[in-house]
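Trainee: Take this structure first; my questions come after.
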Amino acid sequence: MRRKEHESLRVGFKALYALGQVAQSGACDSAMVFVFFYYTSVLGLSGLLVGGALGIALCFDALIDPLVGFWSDNIRSPWGRRIPLMVVATPLVFITVGLLFSPPNFHSRYFLFFWLVVTSVAARGAVSLFNVPYVALGAELSDGYLERSSIVAFRTIVGILISVLIVALAYSVFFSGRGGLERSEDYPYFGWTAAGLVFGGMVACLFGIAGHAAALPQARFAKRSLMTRFFNEVGEIFRNGSFRSLFFASVVIYAAVGLNVTLNNHVDVFVWDLRPEAIQFLTYGFFVGMFIGVPVAPALGRVMEKRTMLLTGIVLLVAAWLVVPLLRISGVYVAKGISTLPALLVSVLVSGFGSALCTIAFPSMMADAADEHELHSGRRREGLYFSGLSFAAKSASGLGVVAAGIAVSLSGIQHVSSGGNLDTPTNAMIVGLVTACGPAAAALCALSMLFLMPYGINRKRHDAMIVELREKRAASAHEMSEHSCADIAEAAC
């Protein structure tokens, strides 16, 4: 039974549901962030090869997301539409993430490249198999304009907590001390530990939500083949202007995020000369900004529209990625080591707060767009809608990672790391890295605001849509009941 606007989900249930966020936030957004540095500056693969391998994985991941979303929309089982795929994915995430950080001692860089491609494709594919139905399920839990933001907020808090835990283990336990990030023997232990933490959260989520998920409406069987329906339904969602606006905006934003995040460790080590113990405080600063932003976002949602909140988050990201990098490029700010922390902490606090606003607004707006789709077509397509958002994020992030690999290779920083002279990168190397990580990423992020301008679902329009949808659902249920009674009467005769 779909919950009404005024019915809030229990806090305990939302917390159990939110534990599933560990798959994306713990495995992809936290643990895998170390993969680029590990394979370039520790194992010695060129930035082009590592960027290419991770770009292939992200693009493959993006391509399967719509298929997973379509599949989860159309499953019929005693456990509902979403749970079967999530159950299959859970052990696969554990195994593939661990293997990604445990490459055999290959003597050929091409075998190492092949291992990176296969394991990163497998790991990201397994996470998608869990995460796409998981996020789609979140949109089904409530149709409330504000309650949806609350569900996303719970999910975001869990994502922050698992990210903080994995980052703390990385910088304070596995890679602590000067040169800690260059110790190859510690990466497998880190990878399997992170995989175990993620596995535990996924299992707890499944046990907590399985009963509720099984009671949600099931898919209806159709006469057309699945593949024919898939392409027709993809065309359906792209005919929705609200979906197109969110899709293309997310493509540009996540290309910027992929470029910025992939280069962060390189910039922190080679530009700011920070040790791992100091780098972790920058990560904590980012998450503090998110922690501040997560409860603020639903409150802002009561006084401003979701699109305005999203645009505000983007502006903050652009500012955070511009100020300190431009000061460094111009030579005004050339500090190194621990003295850089105050300025960098302010920057990451602002970017964390902006990211929180974007993280809350994007999925909540996509859920509203899915309601609009149902109103026009009479069909629910949460799986395809959220897989479309995921497709945009991952394919664009893949382009960002490839761009980061090119930036590392062009800067020459690869040779600095492999030559052991970590303290003397040239000014040209520094400017190249900082420009790619900061101003270039900020320019892309700013461009996304143009795509958001046509998005037109506000609170008033959404409330009207929900009233009309409930009337249509009630009429449809009454019609189905009458047909069933007629069938029974005909059988009795």
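The values are calculated or read from the model by the stated rules, or taken from the named source; none is laboratory data. Fair warning: this is a prediction, and the values are worked out from it, not measured in the lab. Don't worry about glycine lacking a Cβ; one is built from the backbone with ideal geometry, like all the others, and counts go over all protein chains shown. What goes into the accessible areas is simple: the full protein's heavy atoms, side chains included, and nothing from ligands, DNA or RNA. Shrake-Rupley method; radii C 1.70, N 1.55, O 1.52, S 1.80 Å.
Trainee: Treat every Asp and Glu Cβ in the chain as -1 and every Lys and Arg Cβ as +1, leave all other atoms uncharged, and give the resulting dipole magnitude about the Cα centre to the nearest 20 debye.
Mentor: Dipole of the chain, to the nearest 20 debye: 300 debye.
Trainee: What order do you get for 58-65, 258-265, 329-336, 11-18 when each peptide is scored by the mean count of other beta carbon atoms within 10 Å, highest first?
Mentor: The densest-packed peptide leads the list: 258-265, 58-65, 11-18, 329-336.
Trainee: Roll a 1.4 Å probe over the protein chains and send me the accessible area per residue for the chain in Å².
Mentor: It amounts to 40 Å² per residue over the chain.
Trainee: Oh, and also: Let me check something: with ligands and nucleic acids excluded, how do Thr308, Thr340 order by accessible area (1.4 Å probe), largest to smallest?
Mentor: I get Thr308, Thr340, largest accessible area first.
Trainee: At R0 = 25 Å, how high is the FRET efficiency between Tyr333 and Ile406 if r is their beta carbon distance? Nearest 0.05 is fine.
Mentor: E between Tyr333 and Ile406, to the nearest 0.05, is 0.45.
Trainee: Still on this model: If one takes the longest principal axis of the Cα atoms in the chain, at what angle in degrees, from 0 to 90 and to the nearest 10, does the Cα axis of helix 147-168 lie?
Mentor: Between the helix axis and the principal axis of the chain, the angle is about 30 degrees.
Trainee: Based on the Cβ-Cβ distance of Val173 and Met453, what FRET efficiency does E = 1/(1 + (r/R0)^6) give at R0 = 60 Å, to the nearest 0.05? Don't jump to the answer; show the numbers that get you there.
Mentor: Working: r = 46 Å, r/R0 = 0.77.
Calculated value: 0.85.
Trainee: How many nm separate the modelled label positions at Ala299 and Val11, each set 7 Å beyond the Cα in the direction of the Cβ?
Mentor: A separation of 1.7 nm, rounded to one decimal place.
Trainee: With +1 on each Lys and Arg Cβ and -1 on each Asp and Glu Cβ, and nothing else charged, work out how big the dipole of region 18-125 is about its Cα centre, in Debye to the nearest 20.
Mentor: The calculation lands at about 160 debye.
Trainee: Can you give me the distance in nm between label points at Ala204 and Ala428, each placed 7 Å from the Cα along the Cα-to-Cβ direction?
Mentor: The modelled label-to-label distance comes out at 5.2 nm.
Trainee: While we're on this one: With r as the distance between the Cβ atoms of Trp79 and Ala474 and R0 = 35 Å, compute the FRET efficiency 1/(1 + (r/R0)^6) and round to 0.05.
Mentor: Once the sixth-power term is evaluated, E becomes 0.85.
Trainee: With only alpha-carbon atoms in the gyration tensor, what are the semi-axes of the equivalent ellipsoid for the chain, in Å, largest first?
Mentor: Computed over the chain, the values are 42, 24, 19 Å.
Trainee: Here is a follow-up. Between 0 and 90 degrees, rounded to the nearest ten: what's the tilt of helix 382-411 against the longest Cα principal axis of the chain?
Mentor: Value to nearest ten degrees: 10.
Trainee: Angle check, please: helix 341-377 long axis (alpha carbons) against the longest principal axis of the chain (alpha carbons), in degrees 0 to 90, nearest 10.
Mentor: 20 degrees
Trainee: If you don't mind, another one. Would you compute, from DSSP H runs of 4+ residues alone, the mean residue ellipticity of the chain at 222 nm, taking -39500 (n - 2.57) per run and dividing by the full residue count, rounded to the nearest 500? The partial results should precede the final answer.
Mentor: On the way: 17 runs with 360 residues, N = 493.
Result for the chain: -25500 deg cm²/dmol, rounded to the nearest 500.
Trainee: I would also like to ask the following. Taking K and R as +1 and D and E as -1, what net charge do the other residues with C-beta under 14 Å from the C-beta of Leu169 add up to? Walk me through the numbers on the way to the answer.
Mentor: On the way: positive: none; negative: Asp186, Glu277.
That sum, taken over residues with Cβ under 14 Å, equals -2.
Trainee: Determine the alpha carbon to alpha carbon distance for each of Lys336/Lys394; Lys14/Lys306; Lys306/Lys394; Lys394/Lys472 and list only those over 29 Å.
Mentor: Those over the limit are Lys336/Lys394; Lys394/Lys472.
Trainee: Here's a follow-up. For region 336-395, what % of the accessible area comes from carbon and sulfur atoms, probe 1.4 Å? Spell out each step's value before the answer.
Mentor: Values: 1170 of 1580 Å².
Looking at region 336-395 in its full context, I get 74 percent from C and S.
Trainee: So for the chain, averaging the separation of alpha carbon pairs under 8 Å that are six or more residues apart and normalising by length, what relative contact order in percent results?
Mentor: In percent, rounded to a whole number, it is 27.
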